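A quick write-up on the structure given underneath.
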Amino acid sequence: MKDMFSTKLKSVLLVSIILGAFFLLLELRTGSAIYFIFVMIYAFIGNVVYGIPVSFLSDFATKKIGKNRFIFASLIYSVFGFLSFIFLGELGIYAVICSLLFFFSEEWQRMRKHNRGLKPANKVIVTNTLSTVILFSLALYGSMVVSGPLFEKYTNEIYIIPKGYEGEVRVMYNIKDAPRPKKSADFDVYRINEKGYTLSPLPEREGIINNQYFYIDKEGNKERIDGSCISLGGSEGTQIDDYEYTSTYFTVTNTHCSETFSENVDPTMPRGLSLEGIIKEEGLDKPKN
């Protein structure tokens, strides 16, 4: 048992060094060589916590399998490498690579210990190599395909804007006493006031912009705003009395809708209240009792 653990610890060290060296080469191109140390540390921890148990599982599951043991072992390593996306997300791709390196290290040490002087047949070498390439390629591809959609973040905000309003629209975040926005599926629904802003107690959402925009009239009738009538802005922040206020903004129009407007806002459009203006409007700059 001690020898087995020693063998697996060697694999952990080898995999961590190889992965760290790979990132070292990448970082040297950008003039920085410190990042690879963190890669080695995380790779070492991951291989100890996840790689070694998988390796013991593979040894146990393939113990009584004969000539196809190599293929079944590579299947176990590739499957568990793929499943790492569950808790690693997009980093699961690197887990598959670590799994492949760990597998090769284990098999190389096994061959040195048990098969000295024995050369496997060419057919066996070809079969094992092709099987390993196919299995780990599928695991790598599957990790890239599955982890992306599952772990991508979206902003998912709906803006309800008074009909006829034109100019900048802002949402201020992390305002403690502000009412929580209503929910519609996974969307936060923000009701914009006549001055073109609203407050939210929630933090700013990050990710791929996936927002919806509506005009609403006095009778409550909503009308979807076309994307050509929206010019995306960005985020702004300011600090007052050790508290940082943040906001996002965009510009909406119902008279200048075009592809040109959506890409470059017309400078003649009303600016609306700035972040500092909203802070003053809401009295957020006044000391609290």
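Every number in this text was worked out from the coordinates using simple rules, so none of it is lab data. All of these numbers come straight from a predicted model, not from anything done at the bench. Neighbour counts are summed over all protein chains in view; Cβ atoms, including those assigned to glycine, are modelled from backbone coordinates with ideal geometry.
Rounded to the nearest 500, what is the 222 nm mean residue ellipticity of the chain from helices alone, with -39500 (n - 2.57) per DSSP H run of 4+ residues and division by all residues?
-15000 deg cm²/dmol
Just to check I understand the Karplus step: with θ = phi - 60° and J = 6.51 cos²θ - 1.76 cosθ + 1.60, what whole-Hz values come out for the stretch 180-195, glycine and proline as x?
Going residue by residue, I get 5, x, 5, 10, 9, 6, 9, 9, 8, 9, 10, 8, 7, 7, 5, 8 Hz, with x marking Gly and Pro.
As an exercise, identify the trypsin sites (Lys or Arg not before Pro) in the stretch 238-289 lying in DSSP coil whose Cβ has no more than 16 other Cβ atoms within 10 Å. Write down the numbers at each step before the final one.
Values: sites: 271, 280, 288; in loops: 271, 288.
Those that pass, being in a loop and sparsely packed, are 271, 288.
What is the angle, in °, between the Cα long axis of helix 52-61 and the longest principal axis of the Cα atoms in the chain? Nearest 10 is fine, range 0 to 90.
50
Starting from the 7 Å offset along Cα-to-Cβ, what nm value, one decimal, do you get for the label separation of residue 42 and residue 274?
About 3.9 nm separates the two model spin labels.
Please compute the length gained on full extension between residue 68 and residue 138, using 0.36 nm multiplied by the number of residues separating them and subtracting their Cα-Cα distance.
Numbers: separation 70, 0.36 × 70 = 25.20 nm, distance 1.93 nm.
Using 0.36 nm per residue and subtracting the Cα-Cα distance, I get 23.3 nm.
Please flag any cysteine in the chain that has no other cysteine's Cβ under 4.7 angstrom from its own Cβ.
Cysteines lacking a close Cβ partner in the chain: 98.
Find which of 229, 202, 171 sits farthest along the positive direction of the dipole of the stretch 119-237, computed with +1 on the beta-carbon of Lys and Arg, -1 on that of Asp and Glu, about the Cα centre.
202
Taking the Cβ-Cβ separation of residue 202 and residue 79 as r and a Förster radius of 45 Å, what is the calculated FRET efficiency to the nearest 0.05?
Values: r = 39 Å, r/R0 = 0.86.
Efficiency computed from Cβ-Cβ geometry: 0.70.
Hey, got the dipole for the chain? About the Cα centre, +1 on K and R Cβ, -1 on D and E Cβ, debye to the nearest 20? Show your work: numbers first, answer last.
On the way: 31 positive and 31 negative charges, 529 e Å.
Magnitude of the dipole: close to 2540 debye.
So which trypsin sites (Lys or Arg not before Pro) in the stretch 173-210 pass both tests, a DSSP loop state and at most 16 other Cβ atoms within 10 Å of the Cβ? Please list the in-between numbers first.
On the way: sites: 176, 182, 183, 191, 195, 205; in loops: 176, 195, 205.
Here the sparse-neighbourhood loop sites are 176, 195.
Counting other Cβ atoms within 10 Å of each Cβ, which GluC sites (Glu not before Pro) in the stretch 127-209 have at most 15 and sit in a DSSP loop?
Hits after loop and neighbour filter: 152, 194, 206.
Could you pull out every residue, at least 5 positions away or on a different chain, whose amide H is within less than 5 Å of the one on residue 154? Hs are placed 1.01 Å off N in the peptide plane, and Pro or chain starts have none.
208
Quick one: compute the contact order of the chain, relative version, from alpha carbon pairs under 8 angstrom and 6+ residues apart, as a percent. Before the final figure, lay out each step's value.
Details: 403 pairs, mean separation 40.3, N = 289.
Relative contact order of the chain: 14 percent.
Using 1/(1 + (r/R0)^6) with R0 = 45 angstrom and r between the beta carbons of residue 176 and residue 10, what's the FRET efficiency to the nearest 0.05?
With R0 = 45 Å, the Cβ-Cβ based efficiency is 0.25.
I need two numbers for the stretch 132-289: Rg to one decimal and Dmax as a whole number, Cα atoms only, in Å.
Rg and Dmax of the stretch 132-289, Cα atoms, are 19.1, 68 Å.
Rounded to the nearest 0.05, what FRET efficiency do residue 153 and residue 21 have when you use their Cβ-Cβ distance and R0 = 22 Å? All intermediate terms of the calculation are to be shown ahead of the outcome.
Working: r = 32 Å, r/R0 = 1.44.
Efficiency at R0 = 22 Å is approximately 0.10.
Stretch residue 222-residue 127 to full length: gain in nm at 0.36 nm per residue minus the Cα-Cα span?
27.9 nm
For the chain, just the Cα atoms, rotate onto the principal axes and tell me the three extents in Å, largest first.
Dimensions of the chain along the principal axes of its Cα atoms: 86, 42, 36 Å.
Would you list the P(r) distribution for the stretch 203-289, with all Cα-Cα distances sorted into 5 Å bins from 0 and each bin expressed as a whole %?
Cα pair-distance distribution for the stretch 203-289, in percent: 3, 11, 18, 18, 18, 17, 9, 5, 2, 0.
For the stretch 157-281, calculate the relative contact order in percent as a whole number, restricting contacts to Cα pairs under 8 Å that are 6 or more residues apart.
Averaging sequence separation for qualifying contacts and normalising by length gives 32 percent for the stretch 157-281.
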